[in-house]
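The values are calculated or read from the model by the stated rules, or taken from the named source; none is laboratory data. Everything quoted here is computed from the prediction, not taken from an experiment. Using ideal geometry, Cβ is built from the backbone for each residue, glycine included, and neighbour counts are taken over all protein chains shown. With ligands, DNA and RNA removed, areas are computed over all heavy atoms of the protein, side chains included. Shrake-Rupley method; radii C 1.70, N 1.55, O 1.52, S 1.80 Å.
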Amino acid sequence: MTDVAFYHLQRSRLDDVLPSLLTKTIDAGKRAVVIVGSEARVEQLDGALWAFDPASWLPHGSRRDGNPGEQPIWLTDADENPNRAEFLFLADGASSADVAAFERCFVLFDGNDDTAVAESRESWKAYKAAGHDVTYWKQGDRGWERQGE
């Protein structure tokens, strides 16, 4: 089954957290698809990935860029995997009907948004009931801390 990790963002925004997770994904030799809530959010994240660190580069693209098979990181607002990614990132309440097709799934949610927290709790229950291995990570004083299940 898929490893599903919930990331409870309290101190940082998605734009601040996602680049480091995607860097680790690329360093591990994996591809990623990032599904977010809207095309506007895709464009915003595209800009954030270009600007996060002037000394580095995260190879990524979206429908606007085309050639999904050539993109190690694919940004989208649709439930798709056109770049044959092994890792799935869900944010802004996005979901996927095919989580089991991925090695790992990262659910990133705004811990300061009560609706996002409630939706994440429901997703946790559904993934656990489906047999996925779920973990919960919360931002603490020393970075990400794994919490009890």
Report summary line: Checked pairs for the range 12-26, first within 13 Å of Asp92 (Cβ to Cβ), second acidic (Asp, Glu), C-beta under 8 Å and 6 or more apart or across chains, list as Leu14/Asp92; Leu14/Asp110
Report task. Mind listing whichever residues of the range 91-149 are in contact (Cβ under 8 Å) with a residue 40 or more places away in the chain and on the phi > 0 side of the Ramachandran plot? Result -> Asp92, Gly93, Gly131
Requested in this report: Please determine, by comparing only the residues of the range 104-129 that are of a type in the set (Val, Ile, Thr) and out of contact with any Asp or Glu (no Cβ under 9 Å at 6 or more places or on another chain), which one is surrounded by the most Cβ atoms within 10 Å (Cβ to Cβ).
Outcome: Val107
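On the basis of being more than 25 Å from Ala126 (Cα to Cα), under 13 Å from the mean Cα position of the chain (by Cα) and modelled with pLDDT under 95, does Ser56 make the cut?
Values: more than 25 Å from Ala126 (Cα to Cα): yes; under 13 Å from the mean Cα position of the chain (by Cα): no; modelled with pLDDT under 95: yes.
So Ser56 does not fit the description; no.
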Requested in this report: With the condition kept exactly as written, say whether any residue in the range 56-65 is surrounded by fewer than 20 Cβ atoms within 10 Å (Cβ to Cβ) and in contact with a Phe, Trp or Tyr (Cβ under 6 Å, 6 or more places away or on another chain).
Outcome: no
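Take the conditions open to solvent by less than 30 Å² (accessible area, probe 1.4 Å) and over 20 Å from Ser12 (Cβ atoms) and apply them to Asn83. Does it pass? Give the derivation first.
On the way: open to solvent by less than 30 Å² (accessible area, probe 1.4 Å): yes; over 20 Å from Ser12 (Cβ atoms): yes.
Judged against the criteria, Asn83 is a match.
Being open to solvent by less than 70 Å² (accessible area, probe 1.4 Å), closer than 27 Å to Asp113 by Cα, touching an Asp or Glu at 6+ places or on another chain (Cβ under 9 Å) and among the hydrophobic types (A, V, I, L, M, F, W, C): is that true of Leu75 here?
On the way: open to solvent by less than 70 Å² (accessible area, probe 1.4 Å): yes; closer than 27 Å to Asp113 by Cα: yes; touching an Asp or Glu at 6+ places or on another chain (Cβ under 9 Å): yes; among the hydrophobic types (A, V, I, L, M, F, W, C): yes.
When the stated conditions are applied, Leu75 passes them.
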Query raised in the report: Before we move on, is Glu103 touching a Lys or Arg at 6+ places or on another chain (Cβ under 7 Å), of a type in the set (D, E, K, R), at pLDDT 95 or above and farther than 20 Å from Asp16 by Cβ?
Result: no
